[in-house]
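Chemist: The structure that follows is given in the form of structure tokens.
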């Protein structure tokens, strides 16, 4: 059947509508696609921006945490350093200054205080009581003894350091022996000094049974010595730090000269002694104490070689004097020539040839420019190698124990 023109028109219209609808749908789809694509792109940009911002914020937080941790570590380190420094300073013992013999120069006390403080040690001067007596001592015998006994019975005292020696300490022995029981009840102390302090060492070692240090005085040492200014050169080469090291390490001196055949044998015993004049002053008195285990150190100043020769013959003639050995320190003056040093050594060698016990020579302690510390009432060993010219002296590090109680 043939289609009419009307039908053809309708069909064309329908086709156009369909095609138009398709075009419209296609356009709409394209618009939707573009919108979706645009939104997706926007979302993608937003996501990328968000991710980038998050990453930056994360990096910033990590950097901040790292910085905070570094600051904390630095703060902790500095705090620990400061606290350790303060603790070290607090742990160091107070140095109690005292003088029981001849008048001392009061103008040097501030320098002594500064010297010890620079090493971290507080200083206490309560036992410096100088009212010069008619004999030139720091005070009367009774006052000096009272001050010394107060110091020896003070449980807060660990280091009791003598400012100077001189003369007059021997006069205090009756007072010290009378207070012996009281002193024994106190805590042990490290007595430091030499020369006239020998009398104090003798009492402390023999009666109280405390070790003590034969060493530099607080007013004469390397730390206070100023070239071309300091009048005395006594102990100018010896540091106060050498005294403190005695509690940390043993003594070992390798230049000890044996002066007789007996000295070539190895010996061991307890170390005693000090200034020869002071020790001789105790011979044949009620205060004299001797032991077969003693190894003596002796030194002196201001004696001629003839006076020394006489004193050493007294030792040879003394019935009860039979020590395990004697170590001679310096006897010649600070300004001695080689000839003068040699004559003193010759006197000592002559004594050694006659002595029935070991005799040694070690002129590095005493009233010289070098005054090496030695621990009295402490074990000492002297070892000699047959192939060596010198012997070695050793002492264990200093340990305080109240054996007197």
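Chemist: Would you please classify the overall shape of the range 246-398 from the alpha carbon gyration tensor, given that a ≥ b ≥ c denote the square roots of the eigenvalues, rounded means a/c under 1.5, and beyond that prolate means a/b larger than b/c while oblate covers the rest?
Modeler: Rounded.
Chemist: Separate question: Note the full-extension length gain between residue 150 and residue 231 as 0.36 nm times their separation in residues minus their Cα-Cα distance, in nm to one decimal.
Modeler: Here the segment from residue 150 to residue 231 would lengthen by 25.9 nm.
Chemist: Roughly speaking, what is the stretch gain from residue 364 to residue 338, that is 0.36 nm per residue apart minus the C-alpha to C-alpha distance, in nm to one decimal?
Modeler: Between residue 364 and residue 338, full extension yields 7.8 nm more.
Chemist: Here's another thing I want to ask about it. Label points 7 Å out from Cα along the Cβ direction at residue 181 and residue 126: separation in nm?
Modeler: For the pair residue 181/residue 126, the computed spacing is 2.5 nm.
Chemist: For the range 131-259, what does the alpha-carbon gyration tensor say about shape, rounded, prolate or oblate, given a ≥ b ≥ c as the root eigenvalues, a/c under 1.5 as rounded, and a/b over b/c as prolate?
Modeler: Since a/c reaches 1.5 but b/c is at least a/b, the shape of the range 131-259 is classed as oblate.
Chemist: Would the range 192-231 count as rounded, prolate or oblate if I go by the C-alpha gyration tensor, calling it rounded below 1.5 in a/c and otherwise prolate when a/b exceeds b/c, oblate otherwise?
Modeler: In terms of gyration-tensor shape, prolate.
Chemist: Could I ask something else about it? Alpha carbon centre of the range 337-370 versus the range 162-196: separation in Å?
Modeler: 28 Å
Chemist: To continue, here is another question. Determine the percent antiparallel among the DSSP beta bridges restricted to the range 91-395, to the nearest 5.
Modeler: 45 percent
Chemist: Gap in Å between the Cα centre of the range 200-275 and the Cα centre of the range 301-336?
Modeler: Using only Cα atoms to place each centre, the spacing works out to 18 Å.
Chemist: Oh, and also: For residue 111 and residue 284, what is the calculated FRET efficiency with R₀ set at 51 Å and r taken between the beta-carbons, to the nearest 0.05? Let's see the in-between values first.
Modeler: Working: r = 42 Å, r/R0 = 0.82.
E(calc), rounded to 0.05, equals 0.75.
Chemist: Between residue 254 and residue 310, what length in nm is gained on full extension when 0.36 nm per residue of separation is reduced by their alpha carbon distance?
Modeler: 17.2 nm
Chemist: Over the Cα atoms of the range 91-395, what radius of gyration and what Dmax do you get, in Å?
Modeler: Cα radius of gyration and Dmax of the range 91-395 are 18.7, 56 Å respectively.
Readers should treat all values here as calculations from the given coordinates under stated rules, not as data from a laboratory. Because the structure is predicted, anything quoted here is derived from the model rather than measured. Here the Cβ is made from the backbone with ideal geometry for all residues, glycine too, and neighbour counts use every protein chain on show.
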